[in-house]
Structures are given as C-alpha cells and as structure tokens.
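Here's the structure we're looking at; comments come further down.
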Amino acid sequence: MFEPQTYAILMLVGFFCLLMIGIPVATSLATVGFVFGYLGFGDSLFSLLPARFYGIVAGYQWMAIPLFVFMGVMLEKSRLADDLLDVMGHIAGGLRGGMGVGIVLFGVLMGATTGIVGATVITLGLLALPTLVRRGYDKGLACGVICASGCLGQIIPPSLIL
C-alpha cells in the first residue's frame, strides 16, 4: 500500500505517540512492531515468528552463561577469588582506586574472552563486589565499576559481536 520509507516514518511517529500518552517503552516497541509488521508483511509475519524465536533460543552461545555463573560461584565459595583480589589490591599498592582499576582491567579481559555481558557482570559481581565493599568502596561505585568493566569487553576483540 505505502512505500517502505513511509512505513518507517509512520512507525517512528507511532512509537513516539505511544510514548507521549504514557505507554511503557517495551509495550510501545512491541505494538508498533507488530502493527506495522502486519501491515507490511500480512499474515506471513506471524508464521515466521516461531522459527525466529527458535533460531534465537537454539544458539550455542547461551551455554556459556550458566557455566560462567557456575565458575563465579565456585571461585566465591572456595574463597580463591578473595585471595586473588587481595593480591590485586597489593599490586595496586597505595594507588587511590587501584582496586577498582584492577577490576576494570580484569573485567575487560574477561568480557572480551567471553563476549557475554551478563555472564561477565554476574561473575564479577560474585567475585569482586564483597571485596570492594570490604575495602571501603561505596556500594554504588563498586557496582558501577563492575557493570562498566563487563560492558567494555564487548568493544574489544575477540568479542562475540565480531
């Protein structure tokens, strides 16, 4: 009926209109996507959805998340992580925020090797958060350092995005 460019502009306008009347972002995105997907593709859109969902869920990369969480729990329960982080703190010496810098470097390396932000952040949270809080870091700052370092791994090769 319309050109694809017109659909794109109408989708954007529809999304912002739904946001302006107070509908949450996730609901607005889903509604606009389904409505304009139906207008553009017709009934065939809904026959493609199960195959798309299966293709996403069946990906092998999701196996890494429980394994890295398991690794983090084992390191935390065995207290090996505390010893490693204490050594990292001693290496940083008297440098202000040295422990945080060490966590960022470790998180970047771990994030780059795994390529999965969730697994990196959960593992670092289990390992580093208690040690950072015990060393006097503010809880908000410690959580921010952990989240930022896990997310930085996405931009450093060999991340899974590449």
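Filter region 104-141 down to residues that are touching a Pro at 6+ places or on another chain (Cβ under 9 Å) and surrounded by 18 or more Cβ atoms within 10 Å (Cβ to Cβ) and give me whichever is nearest to residue 64 (Cα to Cα). Show your work before the answer.
So the first thing to find is which residues in region 104-141 are touching a Pro at 6+ places or on another chain (Cβ under 9 Å), and the list is 112-113, 115, 119.
Remaining after also requiring surrounded by 18 or more Cβ atoms within 10 Å (Cβ to Cβ): 112, 115, 119.
Numbers: 112: 13, 115: 9, 119: 8 Å.
Filtering region 104-141 for residues that are touching a Pro at 6+ places or on another chain (Cβ under 9 Å) and surrounded by 18 or more Cβ atoms within 10 Å (Cβ to Cβ), the one nearest to residue 64 (Cα to Cα) comes out as 119.
If I go through region 33-48 residue by residue, how many of them are out of contact with any Gly (no Cβ under 9 Å at 6 or more places or on another chain) and either acidic (Asp, Glu) or at pLDDT below 85 (or both)?
Residues that pass the stated criteria total 7.
Which ranges mark the helices (runs of 4 or more DSSP H) fully within region 37-95 that have 2 or more residues being of a type in the set (S, T, N, Q)?
Where helices (runs of 4 or more DSSP H) fall fully within region 37-95 and carry at least 2 residues being of a type in the set (S, T, N, Q), they are 44-57.
Do you know which of the residues in region 26-82 that are farther than 30 Å from residue 11 by Cβ and acidic (Asp, Glu) is surrounded by the fewest Cβ atoms within 10 Å (Cβ to Cβ)? Give the derivation first.
Restricting attention to region 26-82, the residues satisfying the condition of being farther than 30 Å from residue 11 by Cβ are 60, 63-82.
Remaining after also requiring acidic (Asp, Glu): 76, 82.
Details: 76: 19, 82: 16.
Only one residue tops the list, namely 82.
Which residue out of 136, 144, 140 is under 16 Å from residue 101 (Cα atoms) and either in contact with a Phe, Trp or Tyr (Cβ under 6 Å, 6 or more places away or on another chain) or not in a helix (DSSP H, G or I) (or both)?
136
Only one residue in 112, 128 is touching a Leu at 6+ places or on another chain (Cβ under 8 Å), touching a residue at least 12 places away in the same chain (Cβ under 8 Å) and assigned to a helix (DSSP H, G or I), so which one is that? Lay out the reasoning, then the answer.
On the way: 112 fails: touching a Leu at 6+ places or on another chain (Cβ under 8 Å).
After applying the criteria, what remains is 128.
So, in region 143-157, exactly how many residues are free of Cβ contacts under 8 Å to residues at least 40 places away in the same chain and either buried (at least 19 other Cβ atoms within 10 Å of the Cβ) or under 16 Å from residue 68 (Cβ atoms) (or both)?
Keep residues of region 143-157 that are free of Cβ contacts under 8 Å to residues at least 40 places away in the same chain, which gives 143-144, 147, 155.
So of that shortlist, the ones also either buried (at least 19 other Cβ atoms within 10 Å of the Cβ) or under 16 Å from residue 68 (Cβ atoms) (or both) come out as 147.
Matching residues across region 143-157 total 1.
Restricting to region 119-134, count the residues that are of a type in the set (Val, Ile, Thr) and within 7 Å of residue 146 (Cβ to Cβ). Walk me through it before giving the result.
Here is the first cut: in region 119-134, the ones of a type in the set (Val, Ile, Thr) are 120-123, 131, 133.
Remaining after also requiring within 7 Å of residue 146 (Cβ to Cβ): 121.
Summing the residues that are of a type in the set (Val, Ile, Thr) and within 7 Å of residue 146 (Cβ to Cβ) in region 119-134 gives 1.
Are any of the residues in region 58-69 over 30 Å from residue 34 (Cβ atoms) and touching a Pro at 6+ places or on another chain (Cβ under 7 Å)?
For region 58-69, residues over 30 Å from residue 34 (Cβ atoms) and touching a Pro at 6+ places or on another chain (Cβ under 7 Å): absent.
Of the residues 87, 101, which is without any contact (Cβ under 8 Å) to a residue 60 or more places away in the chain, within 23 Å of residue 155 (Cα to Cα) and either surrounded by fewer than 16 Cβ atoms within 10 Å (Cβ to Cβ) or not assigned by TED's automatic domain parsing to the domain that holds residue 147 (or both)?
Unique residue meeting the criteria: 101.
The values are calculated or read from the model by the stated rules, or taken from the named source; none is laboratory data. All values reported here derive from a predicted model rather than from experimental measurement. Please note: Cβ atoms are built from the backbone with ideal geometry, for glycine as well, and neighbour counts cover all protein chains shown.
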